[in-house]
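Report on the following structure.
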Amino acid sequence: MNLWRHNESCDTCGRFISIGALGVSWAQQWSYSMDGTPDLHDPRYRCSACTDKRGIPSTNCGNPENYHGRNPVP
(Lines give C-alpha, C1' and ligand atoms only; values in the text may rest on other atoms or scores of the structure.)
Protein backbone atom coordinates (compact mmCIF):
# COMPACT_ATOMS: atom_id res chain seq x y z
CA MET A 1 0.00 0.00 0.00
CA ASN A 2 1.35 3.41 -0.93
CA LEU A 3 0.81 5.73 2.06
CA TRP A 4 1.38 8.83 -0.06
CA ARG A 5 -1.88 8.17 -1.89
CA HIS A 6 -3.97 6.95 1.04
CA ASN A 7 -6.61 9.59 1.76
CA GLU A 8 -8.20 10.32 5.12
CA SER A 9 -10.16 13.30 6.31
CA CYS A 10 -8.79 15.92 8.69
CA ASP A 11 -10.31 15.52 12.17
CA THR A 12 -10.73 19.30 12.43
CA CYS A 13 -11.81 20.75 9.07
CA GLY A 14 -12.88 17.53 7.29
CA ARG A 15 -10.93 18.04 4.05
CA PHE A 16 -9.32 14.99 2.49
CA ILE A 17 -5.55 14.68 2.97
CA SER A 18 -2.81 12.22 2.04
CA ILE A 19 -1.50 10.82 5.31
CA GLY A 20 2.09 10.91 4.04
CA ALA A 21 1.94 14.55 2.94
CA LEU A 22 4.28 17.14 4.41
CA GLY A 23 3.08 18.71 7.66
CA VAL A 24 0.23 16.24 8.28
CA SER A 25 -0.02 15.11 11.91
CA TRP A 26 -1.44 11.88 13.29
CA ALA A 27 -2.44 10.25 16.57
CA GLN A 28 -3.36 6.67 17.45
CA GLN A 29 -6.04 5.93 20.07
CA TRP A 30 -6.59 2.95 22.37
CA SER A 31 -10.05 1.49 22.43
CA TYR A 32 -11.62 -1.93 22.94
CA SER A 33 -12.60 -4.62 20.46
CA MET A 34 -16.07 -6.15 20.47
CA ASP A 35 -14.82 -8.96 22.74
CA GLY A 36 -13.48 -6.45 25.30
CA THR A 37 -9.77 -6.77 24.58
CA PRO A 38 -7.79 -3.51 24.30
CA ASP A 39 -6.51 -2.68 20.84
CA LEU A 40 -5.21 0.26 18.83
CA HIS A 41 -8.04 1.76 16.81
CA ASP A 42 -9.23 5.07 15.46
CA PRO A 43 -6.16 6.74 13.99
CA ARG A 44 -6.79 10.47 13.64
CA TYR A 45 -5.15 12.70 11.06
CA ARG A 46 -4.90 16.49 10.89
CA CYS A 47 -3.97 18.56 7.83
CA SER A 48 -0.92 20.82 7.97
CA ALA A 49 -2.96 24.04 8.24
CA CYS A 50 -5.04 22.72 11.16
CA THR A 51 -1.92 21.33 12.86
CA ASP A 52 -0.36 24.79 12.65
CA LYS A 53 -3.47 26.30 14.26
CA ARG A 54 -4.36 23.62 16.85
CA GLY A 55 -1.27 21.45 17.26
CA ILE A 56 -0.78 17.70 16.97
CA PRO A 57 -3.85 15.65 17.97
CA SER A 58 -3.70 14.22 21.48
CA THR A 59 -3.47 10.51 22.18
CA ASN A 60 -4.70 8.43 25.08
CA CYS A 61 -1.73 6.03 24.87
CA GLY A 62 0.74 5.75 27.73
CA ASN A 63 3.87 6.70 25.76
CA PRO A 64 2.74 9.54 23.46
CA GLU A 65 6.06 9.88 21.60
CA ASN A 66 5.39 6.57 19.85
CA TYR A 67 1.69 7.12 19.16
CA HIS A 68 1.46 10.62 17.72
CA GLY A 69 3.61 12.91 15.63
CA ARG A 70 3.93 15.09 12.57
CA ASN A 71 5.38 14.52 9.14
CA PRO A 72 8.29 16.84 8.30
CA VAL A 73 7.28 20.39 7.45
CA PRO A 74 8.72 21.92 4.26
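Values as computed for the structure displayed
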{"read-out": "Breaking point among (1) on the phi < 0 side of the Ramachandran plot; (2) of a type outside the set (D, E); (3) touching a strand residue (DSSP E or B) at 6+ places or on another chain (Cβ under 9 Å), for N63", "value": "(3)"}
{"read-out": "Count of the stretch 21-36 residues which are at pLDDT below 80 and among the β-branched types (V, I, T)", "value": "0"}
{"read-out": "The stretch 11-36, subset among the hydrophobic types (A, V, I, L, M, F, W, C) and in a strand (DSSP E or B), residue nearest to the chain's Cα centre (by Cα)", "value": "W26"}
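The values are calculated or read from the model by the stated rules, or taken from the named source; none is laboratory data. All of these numbers come straight from a predicted model, not from anything done at the bench. Using ideal geometry, Cβ is built from the backbone for each residue, glycine included, and neighbour counts are taken over all protein chains shown.
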